[in-house]
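What follows is calculated from the coordinates using simple rules that are stated; it is not laboratory data. Values in this document were obtained by computation on a predicted structure and should not be read as measured data. Using ideal geometry, Cβ is built from the backbone for each residue, glycine included, and neighbour counts are taken over all protein chains shown.
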């Protein structure tokens, strides 16, 4: 028995994004570049936020006599976030090191064509008329009630 994909909104958003990334970046090289850019942007953002939190914590310690504004993030929350973000950055650095090995892999044009072909099977265009018809058949719509409700 095959397991049905989860229908929760988070999973549905993931499936849409997954398929979009396959459609928009259907070759091996494009996937390499996409993943590299994604890791780098994540590291850049995490590093910047970590630096800003360290700066905020340092400024608080220098100005201990000043009153903490209600809008400020509590110190414990900042220190916990710094610890977590530093761990995330370490993991991302490890992933980056592994990705360098992925970049050592090259494929021929024929294999890139196979990637494009398979990508169309894995993530067909959701606005393709055949896909829309198929989705309508598989999903309950107001004019096509669930079979379990028919008496």
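What does the C-alpha gyration tensor say about the overall shape of the stretch 28-122? Classify as rounded when a/c is under 1.5, otherwise prolate if a/b is larger than b/c, or oblate. Because a/c hits 1.5 or more and a/b exceeds b/c, the stretch 28-122 counts as prolate. Shape of the stretch 7-55 from the C-alpha gyration tensor: oblate (a/c of 1.5 or more and a/b not above b/c, with a ≥ b ≥ c the square roots of its eigenvalues).
The simple spin-label model puts a point 7 Å past each Cα toward its Cβ; for residue 19 and residue 33 those points are separated by 2.5 nm. As a footprinting exposure proxy, order 11, 46 by other Cβ within 10 Å, with the fewest listed first. Going from sparsest to densest Cβ surroundings: 11, 46. Compared with the direct C-alpha span, the chain from residue 113 to residue 45 gains 21.1 nm at full extension, assuming 0.36 nm per residue.
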